[in-house]
Amino acid sequence: MNRPPLPDLRRDLPRLVSAARGELGAVVALLILAAGTLAFLHLSEEVGEGDTRRFDLGVLQALRAPGDPQVLVGPKWLHIAATDVTALGSVTVLGLFVLMALALLLSLRRWSEALVVLVGAVGGVEISQALKHLFLRERPDLAYRAVEAANPSFPSGHAMLSAVVFLTLGTLAARFAPRRRVKVLALGSAVLLSLLVGASRIYLGVHWTSDVLAGWSMGAAWAMACWLAAWAWGRRFPKPPLIPAKAGTQAEPQNENDSPK
């Protein structure tokens, strides 16, 4: 009997590696989604039982001068920088980012990606407000607050919405980027901005640390849920890359561009 020919590993290996990378991206996103959801559920339980009170108050007092909760530690420029950074997580600033991203995606006829950005941002606002009114947690005392703040405290809306918007935009930018270093830069910048916004809320005394941790957790989970929806849609209805390959070079596989790493 004639045996079927063995597969040519040298020919098939690049295709298999590329496919594995695409699936790995989805697995990583699923892990972040699950971890973020579980972390939020754990934090909400701890906050509801009052188990985070000592920790939250200890962090807040460590960021104030001994015996005077109205005086922030650190130089004056740090106070100003924290106020500037915290504005990046406001609905107004994030709304401008979303509008500019939508305009760019619509001009490129990337309808599904534009829908992901819109659903991610609007859904993030709705989820944040619903959770705030569900838990109705009080913010730190007025003596600790360096800026004005309204609405209930848990979870931090600035931390959650900055994670949603920046991570969604970062993963989309990484998906379209032709080079790995650009992907890393896009995702790294998104994570860094989200961390800075959340940390500024703690430093300025308008949120407990557990509020910010919960906001980061839920924001990352929702952003990954939106990315997974875009990934699944792209697998179902593939599109050509935004940046075509140069003459004489081979375009990168679409699956690799789909990776959120």
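The values are calculated or read from the model by the stated rules, or taken from the named source; none is laboratory data. Small disclaimer: the values here were computed from a predicted structure and weren't measured. Quick reminder, even Gly has a Cβ in these numbers, built from the backbone with ideal geometry, and neighbours come from all protein chains shown. Note: accessible area is taken over every heavy atom of the protein model, side chains too, but ligands, DNA and RNA are not part of it. Shrake-Rupley method; radii C 1.70, N 1.55, O 1.52, S 1.80 Å.
Points to keep in mind about this one:
- For beta carbons closer than 6 Å, sequence separation of 6+ or different chains, a first residue in the range 32-61 that is surrounded by 13 or more Cβ atoms within 10 Å (Cβ to Cβ) and a second that is of a type in the set (Phe, Trp, Tyr), the qualifying pairs are VAL47/PHE154; ASP56/TRP208; LEU60/TYR144.
- When restricted to residues that are over 19 Å from the mean Cα position of the chain (by Cα) and of a type in the set (A, V, I, L, M, F, W, C), the range 108-129 contains 2.
- Residues located in the range 151-183, provided they are under 25 Å from ALA39 (Cα atoms) and of a type in the set (A, V, I, L, M): ALA159, MET160, LEU161, ALA163, VAL164, VAL165, LEU167, LEU169, LEU172
- Looking only at residues of the range 71-101 that are of a type outside the set (Val, Ile, Thr), assigned to a helix (DSSP H, G or I) and within 16 Å of the chain's Cα centre (by Cα), we find that the one that is surrounded by the most Cβ atoms within 10 Å (Cβ to Cβ) is GLY89.
- ARG15 modelled with pLDDT under 90, more than 30 Å from VAL212 (Cβ to Cβ), of a type in the set (Lys, Arg) and surrounded by fewer than 11 Cβ atoms within 10 Å (Cβ to Cβ): no
- Residue in the range 106-119 that is within 10 Å of VAL165 (Cα to Cα) and surrounded by 14 or more Cβ atoms within 10 Å (Cβ to Cβ) present: yes
- Which numbered condition LEU196 misses (of (1) within 15 Å of the chain's Cα centre (by Cα); (2) open to solvent by less than 60 Å² (accessible area, probe 1.4 Å); (3) closer than 30 Å to SER112 by Cα): (2)
- Given (1) farther than 18 Å from ALA223 by Cα; (2) in a helix (DSSP H, G or I); (3) over 18 Å from the mean Cα position of the chain (by Cα), number of the condition VAL182 does not satisfy: (3)
- Selected residue [in contact with a Gly (Cβ under 6 Å, 6 or more places away or on another chain), within 27 Å of SER44 (Cα to Cα) and not small (Gly, Ala, Ser)] from LEU63, LEU161: LEU161
- For the range 121-170, the set of residues classified as part of a loop (DSSP other than H, G, I, E, B), in contact (Cβ under 8 Å) with a residue 24 or more places away in the chain and among the hydrophobic types (A, V, I, L, M, F, W, C) consists of ALA146, VAL147, ALA149, PHE154, listed by residue number.
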